[in-house]
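As structure tokens, the structure follows; a few thoughts come after it.
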Amino acid sequence: MASFGDKLRIERERQGYTLAQVSQETNIRQHYLSALEEEDFDSLPARVYSIGFVASYARFLKMDTDRLVSEFKHLAYSNQSVEPSPPEPVP
């Protein structure tokens with residue numbers, strides 16, 4: 001079974017796109033697209049942006065967005081805890 005990054009790369013190549021073309025169409029920097037395909041998650045920006053990049057890339061390639069975002073979160077953030085939001089002030 002192909003890894004997360006391989007799935008993206010294989011589908012992109014199957015559809016005949018270069019990273020530059022995907023970058024132009026999705027407005028995601030080529031560096032970040034490459035980092036996703038290479039599973040170099042440390043090179044990605046903040047979590048919220050990275051998750052958005054995965055969703056946009058998956059939509060562009062007409063792949064299962066929810067499944068890929070879920071897989072990405074598991075791979076990239078499974079060892080990180082989500083900071084709780086600050087408590088709301090009591091009136």
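Only the coordinates and a few stated rules stand behind these numbers; no lab work does. Fair warning: this is a prediction, and the values are worked out from it, not measured in the lab. Every residue, glycine as well, gets a Cβ built from its backbone with ideal geometry; the counts of neighbours run over all protein chains shown.
With the cut-off at 21 Å, report for the chain the share of all Cα pairs above it, as a whole percent. Let's see the in-between values first.
Working: 1261 of 4095 pairs.
For the chain, the share of Cα pairs beyond 21 Å comes to 31 percent.
What's the longest piece of the chain with no exposed trypsin sites (Lys or Arg not before Pro), counting a site as exposed if DSSP puts it in a loop and it has at most 15 other beta carbons within 10 Å?
Values: sites that count: R29, K62.
The segment 30-61 is the longest one with no such site.
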inquiry  = Between Q24 and A46, what is the label-point separation in nm under the 7 Å Cα-to-beta-carbon projection?
reply    = 3.1 nm
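Between beta-carbons, use under 11 Å as the cut-off and find the net charge around E37, counting Lys and Arg +1, Asp and Glu -1.
On the way: positive: K7, R9, R12; negative: D6, E11, E13, E38, E39, D40.
Every neighbour counted, the sum reads -3.
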